Amino acid sequence: MAAETDTRNRNPLVRDDASGTGLVAAGAVGLSALLFVVSLAVLFQAVDLTDAVAGVPVVTLLGGGLVVLGAATVAFGVGSRLGFVETEPQASAGMLAGVVFAATWVVVAGLVASQTLGLGTAGWLVASLAVGGGVFALSVGTREDVGSTVPAGALAAMAGLVFLAGIIGPEWVWDLGFEQKASFTGGFTVPTVTLFCSLVAGWASAKAYGGFGARGRHTGAYTLVYLNAGSIVGVLFLLLAFTVFKGISGLVNGFAVGLGAGPESTIVLLGQSISWEWPFYLPFVMNGVGLTNDFNGVLPAIVGTVWLVVGAVLFAVPLGVGAAVFLTEYAERGRFTQAVEVATNGLWSTPSIVFGLFGFAFLIPRFGNGKSLLSGMLTLGFMLLPLVVITSREAMLSVPDEYRDASAALGVTKWQTIRSVVLPAALPGVVTGIILGVGRIAGETAPILLTMAGGVFVPGSQTPDVIGGFAFTSTPPFVENPVLLDAASALPYQLYALITAGVGASGNVANPDEFKWATALVLLVVVLSFYAIGIAARYYFRRELNQ
Amino acid sequence: MSETTQTPTESQQNTTTTGEPETTAGETEEQVREEWRDYQFAGEAKLSVEDLDVYYGDDHALKGVSMDIPENSVTALIGPSGCGKSTFLRCLNRMNDRVKSARIDGSVELDGEEIYQEGVNLVELRKRVGMVFQSPNPFPKSIAENISYGPRKHGDIETGLLARLLGRSNEDERDELVERCLRDAALWDEVSDRLDDNALGLSGGQQQRLCIARCLSVDPEVILMDEPASALDPIATAKIEDLIDDLSEHYTVVIVTHNMQQAARISDQTAVFLTGGELVEYDDTEKIFEQPESQRVEEYISGKFG
């Protein structure tokens, strides 16, 4: 229905964007973006509704902003229809806009009729359907400049007036009367409604800024996509910032810089011992928990996590890549490879507690009947294995057959071709898979809970020293490592234990809450550094391939 | 051989009829066809193919092809798409073994030695019979590594840390090999200052010459080329054609091409495959293009069919 415009009635090739009227639309877009951000901040309680900015409460600012936004949007649309603004509207706003506006107004009218006016079921149903139908007719039946702005602008203006008039304010509560206690509070409703209205009005004003028509729709979609992407990044950032903010004070407790400030470390390698003093002191990551410690920390859990991941990767990567080589290069494609594919995909989606239970029931009885670092490594290795197989297989399948042909035509054998051409070309993909997998297993709690355990507050003496634990014996198998068979702690489990430990179990730690958040921050940093290492490795291998 | 030669006007008259080969008195159709395919040349055959049949599953892709390929010359294989010329080419170094559904009957002899028999060393065979593919396919490695890849995998060049420790490293030989192959492929002047750059950064024509250089690195006797210039622009194609001309002094070149002008320009003898996977005519290039004996070949060459 939108294609009914006269094509010979050409629009000007160059449009003057800097005109005053264009600025109105641009201002409306900017205002809706601002409202979007502020309402997000209110929603996540970074700002309170009753806080005053320049003497005016936030809720009033939001209401006023919505009224201005709505008025500007409507004014632009009507101005365009009356010919004051030069635009290129199509005959109709289109089905999508019509449905969105109609659905919104059905809800609004229904709420107003049933809650404010107190009409019965029949009354509000009729009212909401009538209003919805009217809005649908308005947005679809009129020219695009009116149809896409007036319903949106009116919605924003009405919401703004409701906030300004105090009908919905910070203290407002709507008890839903469910069996379980459920209610909408003003603190939730106001920012949510503002968020929605700013999106709708922002969409409409962005269309207006683009002068409606194909170009306007493009600007509208573009604005929505950007607001969406921005809010996702914002939420992620907020999450990170929240953890950092809460945890940083516990982390830097007792931090000191200077020669001789840090503890002494010793590494024994082939009988040679190298020792050095750290030039800084960060007790939270350098100490365990102890009676004599000046500051307590989570060193044993950090080292435990690192060894856990290293062990799982050492176990899973050779096996997984080997299986992928067999499946892509040697096995004939058919029932068998399909079965393996289904099995690996299924294993990857198996809940981690099931892996943990397997480790608990199968591995622990075989490794000295106690929870141990080795059981934890193998359990997480089993968890990592399917993802390594899946991604390595994908990566090898995407290596062009031309490479294999070229190599075969030079008389190079299949295995040599795999080793020197296929694997290097597939390496970035394989590394990507390992990164994803490590990101998942490094934060797993359930399998560790069942296979590795550890304590709530772990003394520094329990820091696993896997390299130093190797010892030679005179009887087979000639090498032993008791450290691998000891229980060890890892950050996710320790965090879980801290949260569930309760108030009484604080031990030597003065401020358990601070300790908890600092542990969470360290876990985050450790997992992110595994990511960073993986991404750096992928970047390196990719550059090797096409520098 | 020239008994069945017909003038173009004569064959024109038959064009609209069955398209079946025309016989003269006293000879069966089979004998005539046999003679079209029979190409006599002085000297020994480098490659000698007898009754080669190839099946892909139920598809009979190549039907009883027999031909001898003379040494140090350029042999062009032409024909419409799907006529089996690439299949034929890939049989000459047993690349078709890599296709799982392919079944190959018949005999191919390289210097009188059967390559389709038990105990053939595919590594040695493919070192002696190299191959260049339709689209340039250098490895995602440096230019020098692309050239030294084959010899390194065959143990002729050792540059690793272990080889250096054992005193067996021969980096000088490698550098010589890289330079020699690149010079032979007429690429040295263009890339001598960036041998360590990634080969994927070269232009298409340069990549294809690099692939030819890579093929030369294992010191082949025969070079098979599967439409080596079809993905290249006219200038790069001209360079490749000059190169093929030079190479034919020392190597036996067998080239598949779609481009009949190209076949006419560069080859010494031409084999025409037509739809159905049969070799129809095989003779001196000049003869094929000026006075083909088969009517179908004449139609194909004059662009009436195919």
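Tabulated values for the structure
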| item | result |
| --- | --- |
| Added length on full extension, which subtracts the Cα-Cα distance from 0.36 nm per residue, A:Glu402 to A:Ala54 | 118.4 nm |
| Listed residues B:Leu216, B:Leu47, B:Leu200, most fluctuating in chain B (Gaussian network, C-alpha, under 10 Å) | B:Leu200 |
| Cross-link reach list, aspartates and glutamates versus A:Lys246, counting only Cα pairs under 20 Å and skipping chain neighbours closer than eight places | A:Asp48, A:Asp513, A:Glu514 |
| Helix A:335-348 axis, angle to chain A major axis (alpha carbon atoms, nearest 10°) | 80 degrees |
| Residue mean of other protein chain beta carbons inside 10 Å, B:132-141 | 5 |
| Value at 222 nm in deg cm²/dmol, rounded to 500, when DSSP H runs of n ≥ 4 in chain A each add -39,500 (n - 2.57) | -20500 deg cm²/dmol |
| Candidate lysines for bridging to B:Lys153, where Cα separation is under 29 Å - those fewer than 8 sequence places away on the same chain excluded | A:Lys414, B:Lys46, B:Lys100, B:Lys127, B:Lys141 |
| Ordering of A:302-309, B:124-131 by burial proxy (mean other Cβ atoms within 10 Å per residue, highest first) | A:302-309, B:124-131 |
| Rough spin-label spacing in nm, given labels placed 7 Å along Cα→Cβ, for B:Asp53 and A:Val126 | 8.8 nm |
| Theoretical FRET efficiency, 1/(1+(r/R0)^6), r = Cβ-Cβ of A:Ala261 and A:Val479, R0 35 Å, to 0.05 | 0.40 |
| Segment B:152-306: antiparallel DSSP beta bridges as a percent of all, rounded to 5 | 55 percent |
| Within 10 Å of each Cβ in A:415-427, the average number of Cβ atoms from other chains | 2 |
| Charge-dipole axis of chain B as Lys and Arg at +1 and Asp and Glu at -1 on Cβ define it, positive-most pick from B:Ser48, B:Val178, B:Thr159 | B:Thr159 |
| Most to least packed among A:54-61, A:345-352 [average Cβ atoms within 10 Å] | A:54-61, A:345-352 |
| Shielding by other protein chains, B:92-101, mean Cβ within 10 Å | 2 |
| With Cα atoms, 0 to 90° folded angle of helix A:58-81 axis to chain A main axis | 50 degrees |
| Cα point-scatterer Debye curve for segment A:298-545, base-10 log of I(q)/I(0) at q = 0.11, 0.13, 0.17 Å⁻¹ | -0.67, -0.88, -1.23 |
| For chain B, the fraction of alpha-carbon pairs in successive 10 Å shells from zero, as % | 6, 26, 31, 22, 10, 4, 1, 0 |
| Local net charge near B:Glu158, Cβ-Cβ under 10 Å (Lys/Arg +1, Asp/Glu -1) | +1 |
| Under the Debye formula (equal points on every Cα, no solvent term), log10 I(q)/I(0) of segment B:140-201 at q = 0.12, 0.15, 0.25 Å⁻¹ | -0.30, -0.46, -1.06 |
| Beta bridges by DSSP in the protein assembly as shown, antiparallel share as percent, to the nearest 5 | 70 percent |
| Calculated FRET value between B:Glu30 and A:Val340, using beta carbons and R₀ = 45 Å, to 0.05 | 0.30 |
| Helix A:213-251 axis, angle to chain A major axis (alpha carbon atoms, nearest 10°) | 40 degrees |
| R0 of 41 Å, Cβ-Cβ distance A:Ser529-B:Asn121: FRET efficiency to nearest 0.05 | 0.20 |
| Range of Cα positions in segment A:351-486 per principal axis (Å), largest first | 59, 41, 28 |
| Within chain A: Cβ-based charge dipole about Cα centre, in debye rounded to nearest 20 (Lys, Arg +1; Asp, Glu -1) | 840 debye |
| Cβ-based charge dipole, chain A, positive-most Cα from A:Leu155, A:Ile418, A:Tyr222 | A:Ile418 |
| Farthest positive-ward along the protein assembly as shown dipole, Cα basis, beta-carbon charges - from A:Ser231, B:Ile143, A:Thr116 | A:Thr116 |
| Alpha carbon convex hull of the protein assembly as shown, volume per residue in cubic angstrom | 315 Å³ |
| Mean separation of Cα contacts under 8 Å (6+ apart) over length of segment A:298-545, as relative contact order % | 30 percent |
| Protection-proxy order for peptides A:162-171, A:427-436, each taking the mean of Cβ atoms within 10 Å per residue, highest first | A:427-436, A:162-171 |
| Reachable lysines, given that their alpha-carbon falls under 19 Å from the alpha-carbon of B:Lys287 and they are not under 8 places away in the same chain | B:Lys304 |
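Values in this text are rule-based calculations from the coordinates and carry no lab data. Note that this is a predicted model, so its numbers are computed, not measured. Backbone-built Cβ (ideal geometry, glycine too); neighbour counts: all protein chains shown.
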